[in-house]
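> If you scroll down you'll find the structure; I have some questions about it.
The values are calculated or read from the model by the stated rules, or taken from the named source; none is laboratory data. The model shown is predicted, which means the values in this text are computed figures rather than measured ones. All Cβ positions, even for glycine, are placed from backbone atoms using ideal geometry, and neighbour counts span all protein chains on display.
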């Protein structure tokens, strides 16, 4: 199962337990964030496409680390 999600103006393909580097994400390390702009979900070949987003779908993630330059 994977999803295409819009995060901070960019589209990411995400799957369970995958780590993703995201620019300009606000939040504290260890906090959970939820993204509700899910554009596509593929569940074992059963594809759901949003118009533009899928109603009621969301992806939850945890902020592991914040990089500051």
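> Report the residue count in the stretch 18-39 for those that are at pLDDT 95 or above and either farther than 11 Å from residue 64 by Cα or not in a loop (DSSP other than H, G, I, E, B) (or both).
9
> Cβ contacts < 9 Å: first residue at positive phi, restricted to the stretch 2-31; second residue surrounded by 12 or more Cβ atoms within 10 Å (Cβ to Cβ), any location; separation 6+ or different chain. Result?
8/22; 8/25; 27/33; 27/63; 30/63
> Yes or no: the stretch 45-61 includes at least one residue that is touching a residue at least 12 places away in the same chain (Cβ under 8 Å), out of contact with any strand residue (DSSP E or B) (no Cβ under 7 Å at 6 or more places or on another chain) and outside any strand (DSSP E or B).
No, the stretch 45-61 contains no residue that is touching a residue at least 12 places away in the same chain (Cβ under 8 Å), out of contact with any strand residue (DSSP E or B) (no Cβ under 7 Å at 6 or more places or on another chain) and outside any strand (DSSP E or B).
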